[in-house]
Amino acid sequence: MSLASKLALVTGGGRGIGAAIARRLAAEGARVVVTGRSVDEIEAVAREIGGVAVRADLGDRGSTDGLIVAMRGLGRVDVLVNNAGIAESAPLAKVTDEAWDRMMEINATAAFRLCRALLPPMVEAGWGRVINLASNAGITGYGYSAAYCASKHALVGFTRAMAIDLARTGVTINAVCPGWVDTRMVAEASERIAAKTGRSTDDARGALAKMSPQGRILAPEEVAHLVAMLASDLAGGIHGQAIVIDGGQVMK
């Protein structure tokens, strides 16, 4: 799955799934640009893998525009991994307009804007890979997650529509849809459950693990492996797919 000579951009690459993806793509030979809001985090990952750190807050359109300009200065992006995302939980009546807009902007609109800006050179070159990190919440619905599910469904729908437009260009676009992965999101969800139910955080984490038939929470490296496979030359026939990786929690 060599990606030698390829330039990859990983958004939200300072920690969790994004950092694991950045490490894996670098291990496959890609020159990786890591972006995120925390300068310390993205610079640490970039130093580790010999990549480049570019700070960007994808909830701010001006910052996203700055990232686009920076990437054009670094060369043609060959592999675009739209990994940046946020999750907030609330019953519908308590979802504010601000929370809805923030979730849509970071989880869906930023990916659309990066694709619109960075895809034309891929198409001109006749080769490219776009991998959008959605969620199994982009395939099904969950309680207390209206805005999050809507944003991830939007990202999956965007992926499928773009796949039709790109089908004959040599550029593929797919969505990866993880379930619970051992990241800060799991830690925060466990803390919220514990606070609301009086259970320990370990018990809350165990309840999340039990949502999967495998009874476990995935490692970020498992998701990174799938992303690296989709970025490879031999994955050229995998196109317009929403691939669920959650231990069998959601089957479709």
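The values are calculated or read from the model by the stated rules, or taken from the named source; none is laboratory data. Everything numeric here is computed off the predicted structure, so don't read it as measured data. We place every Cβ from the backbone using ideal geometry, glycine too, and count neighbours over all the protein chains shown. Calculation scope for accessible area: heavy atoms of the full protein, side chains included, ligands and nucleic acids excluded. Shrake-Rupley method; radii C 1.70, N 1.55, O 1.52, S 1.80 Å.
Taken over region 62-77, the criterion of being surrounded by fewer than 22 Cβ atoms within 10 Å (Cβ to Cβ) and of a type outside the set (S, T, N, Q) is satisfied by GLY62, ASP65, GLY66, ILE68, VAL69, ALA70, ARG72, GLY73, LEU74, GLY75, ARG76.
Checked against (1) in contact (Cβ under 8 Å) with a residue 60 or more places away in the chain; (2) farther than 18 Å from HIS153 by Cα; (3) surrounded by fewer than 22 Cβ atoms within 10 Å (Cβ to Cβ), ALA87 meets all criteria but (2). Selection of region 197-238 for residues being open to solvent by 40 Å² or more (accessible area, probe 1.4 Å), under 27 Å from GLY14 (Cα atoms) and in contact with a strand residue (DSSP E or B) (Cβ under 8 Å, 6 or more places away or on another chain) yields only GLU222.
Quick check: anything in region 131-154 assigned to a helix (DSSP H, G or I), of a type in the set (Ser, Thr, Tyr), within 22 Å of ILE106 (Cα to Cα) and open to solvent by 10 Å² or more (accessible area, probe 1.4 Å)?
Looking through region 131-154, at least one residue is assigned to a helix (DSSP H, G or I), of a type in the set (Ser, Thr, Tyr), within 22 Å of ILE106 (Cα to Cα) and open to solvent by 10 Å² or more (accessible area, probe 1.4 Å).
Listed by position, the strands (runs of 3 or more DSSP E) contained in region 1-117 that have at least 3 residues being within 18 Å of the chain's Cα centre (by Cα) and not basic (Lys, Arg) are 7-11, 31-36, 79-82.
Of all the criteria given as (1) more than 21 Å from VAL81 (Cβ to Cβ); (2) at pLDDT 95 or above; (3) part of a helix (DSSP H, G or I), the one not satisfied by SER212 is (3).
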